[in-house]
Protein chains: 2
Amino acid sequence: MTNKEYSVQTIGVLHSPFKEKFAIPRQPRLVKEAVGHLQMLEPFNHEDFVRDLAQFSHLWLLFMFHQNLEKGYTPTIRPPRLGGNKKVGVFASRSTYRPNGIGMSAVELLDIEKTPKGITLVLGGVDLLDQTPIIDIKPYIPYSDIITEANGGFADEAPDAQMTVSFTADALISCERFEAQYPQLKVLIEKLLAQDPRPAYKKKRDDKQSYGVRLYNLNVSWDVIGGHSVVTGVN
Amino acid sequence: MTNKEYSVQTIGVLHSPFKEKFAIPRQPRLVKEAVGHLQMLEPFNHEDFVRDLAQFSHLWLLFMFHQNLEKGYTPTIRPPRLGGNKKVGVFASRSTYRPNGIGMSAVELLDIEKTPKGITLVLGGVDLLDQTPIIDIKPYIPYSDIITEANGGFADEAPDAQMTVSFTADALISCERFEAQYPQLKVLIEKLLAQDPRPAYKKKRDDKQSYGVRLYNLNVSWDVIGGHSVVTGVN
């Protein structure tokens with residue numbers, strides 16, 4: 001028995017607020033204000049392909065971890081959940097560095113937009129990078145996809161959102177100004193920072209740390225002091 | 001934006017009782033006695049890749065619908081669930097004829113066998129054809145994969161298992177003889193037939209119908225009369 005190769009192609013591209021990996025929610029649906037737009041590509045850009053999809057509240061996206069493909073994988077990885085100290089097999093993890101580089105994410109279906117240019121799915125709670133290539137869409141089917149008796153091993157509990165978040169006066173004014181263009185921007189920033197996107201080894205430190213991330217076309221900067229984040233800039 | 005192509009390779013091959021599509025359970029885990037063996041292929045055939053996987057009770061398999069790939073897809077399909085009369089978009093279905101031909105199935109992890117030849121995962125409740133090429137294994141993570149508020153549209157309820165099943169005396173003796181080789185063979189046959197694998201249009205008929213299917217290396221034959229199945233041969 002030998003390995004066979006298969007060719008898969010992009011059926012659509014996800015446009016998301018997340019321009020870099022840092023601060024992306026650790027799981028889908030943790031931050032419902034993270035709204036993505038899945039633009040279908042030819043020849044899939046026709047309403048026939050999504051007929052009756054609106055009956056379903058949630059979808060599975062299969063996608064390529066496109067930024068990681070060149071880096072490949074290692075047989076074992078260190079899950080952030082285990083503090084970065086313990087190695088588990090890559091197939092015992094949802095690591096983004098994995099053989100074949102395929103991810104799956106269950107998101108909320110908010111709307112299906114049909115325009116002369118084609119079909120766009122509006123999705124809530126996305127945890128994917130901007131420009132992620134989508135290779136399949138499947139409806140989430142509760143009786144088949146919910147396994148109530150499943151045991152989640154070392155990933156058995158949802159990550160906590162423990163960090164408190166505030167804005168400087170200037171950052172708040174700036175943030176509110178951008179809400180016309182990016183609805184719910186303030187809540188989105190608050191929720192992204194509340195989940196404490198810092199790498200595990202930095203969470204042990206108490207000194208003031210400064211961070212920045214690109215979100216939409218903005219630069220968001222913040223300071224972490226103890227267990228609190230202060231947003232210092234939204235530009 | 002144009003479609004990009006990606007290459008994916010088989011990481012393992014699933015050995016299952018199902019040699020043809022007819023009578024395969026309509027969903028994973030409907031028939032837990034349907035046990036499959038996932039044999040890992042080089043270079044993934046090393047215990048590092050599955051280290052700590054045994055902590056999880058259930059796994060997602062990503063696989064290729066290998067028997068359908070040449071036939072391709074159509075933009076809309078007729079789900080059996082809707083009696084074969086109504087068309088929905090292929091992305092609004094879990095159809096096996098779909099762009100890129102990738103399937104996902106959540107199965108129970110029963111055991112991880114490590115032998116000098118390599119690693120084999122023993123899986124319960126499989127709904128995949130024998131020889132299915134596996135392209136990824138991911139742990140089922142309850143807090144992320146269970147969406148209690150999800151609405152399943154036209155596929156909102158599990159299929160009923162309504163058919164009663166009996167064996168002729170000869171078929172029963174033969175079946176029990178094969179149980180040494182294929183444990184739980186009788187229960188497996190009973191559950192497969194109980195879900196009434198006939199195509200929708202035949203379910204409306206009351207006349208006696210005869211069917212046969214290959215299961216493991218056996219031929220199983222049965223008659224359907226009204227709402228009852230009689231197993232007439234296990235050879």
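What follows is calculated from the coordinates using simple rules that are stated; it is not laboratory data. These numbers were taken from a predicted model, which means no experiment stands behind them. In this analysis, Cβ positions are derived from the backbone assuming ideal geometry, glycine residues included, and neighbour counts consider all displayed protein chains.
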- Note on the structure: When chain A is treated as a Gaussian network with springs between alpha carbons less than 10 Å apart, the largest mean-square fluctuation among A:GLN181, A:GLN67, A:GLN195 is found at A:GLN181
- 222 nm mean residue ellipticity, helices alone, for chain B (DSSP H n ≥ 4; -39,500 (n - 2.57); rounded to 500): -3000 deg cm²/dmol
- Query: Using a Gaussian network for chain A with springs between C-alpha atoms less than 10 Å apart, which of these wobbles most: A:GLY72, A:GLY212, A:GLY124?
  - Reply: A:GLY72
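If the limit is 26 Å between Cα atoms, which of A:LYS19/B:LYS71; A:LYS4/A:LYS71; A:LYS4/B:LYS21 go over it?
Details: A:LYS19/B:LYS71 38 Å; A:LYS4/A:LYS71 21 Å; A:LYS4/B:LYS21 21 Å.
As for pairs spanning more than 26 Å Cα to Cα, those are A:LYS19/B:LYS71.
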- Residue-span extension gain [A:ALA54 to A:ILE225] - 0.36 nm each, minus C-alpha spacing: 57.1 nm
- Between A:ASP170 and B:ALA169, what FRET efficiency comes out of the Förster formula 1/(1 + (r/R0)^6) with R0 = 60 Å and r the beta carbon distance, rounded to 0.05? 0.10
- Item | Efficiency of FRET from Cβ geometry, A:GLN67 and B:GLN9, R₀ 22 Å, rounded to 0.05 | 0.65
- Message: Which residues among the range B:1-36 fall inside the zone where the amide N is under 16 Å from a point 7 Å beyond the Cα of B:ALA200, along Cα→Cβ?
- Response: B:26
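Could you tell me which GluC sites (Glu not before Pro) in the range A:163-235 are loop residues by DSSP with no more than 14 other beta carbons within 10 angstrom of their beta carbon?
Values: sites: A:GLU176, A:GLU179, A:GLU190; in loops: A:GLU179.
Those that pass, being in a loop and sparsely packed, are A:GLU179.
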- Post the alpha-carbon centroid distance, the range A:153-201 to the range B:102-181, in whole angstrom. 41
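With r defined as the distance between the Cβ atoms of B:LYS117 and A:THR2 and R0 fixed at 22 Å, what FRET efficiency is calculated, to the nearest 0.05? Before the final figure, lay out each step's value.
Working: r = 15 Å, r/R0 = 0.67.
The calculated FRET efficiency here is 0.90.
Out of all DSSP beta bridges in the range A:12-154, what portion is antiparallel? Express it as a percent rounded to 5.
Close to 100 percent.
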- Message: Would any residue of the range B:192-211 have its amide N under 12 Å from a label point 7 Å out along Cα→Cβ of B:THR232? List them or say none.
- Response: B:208-211
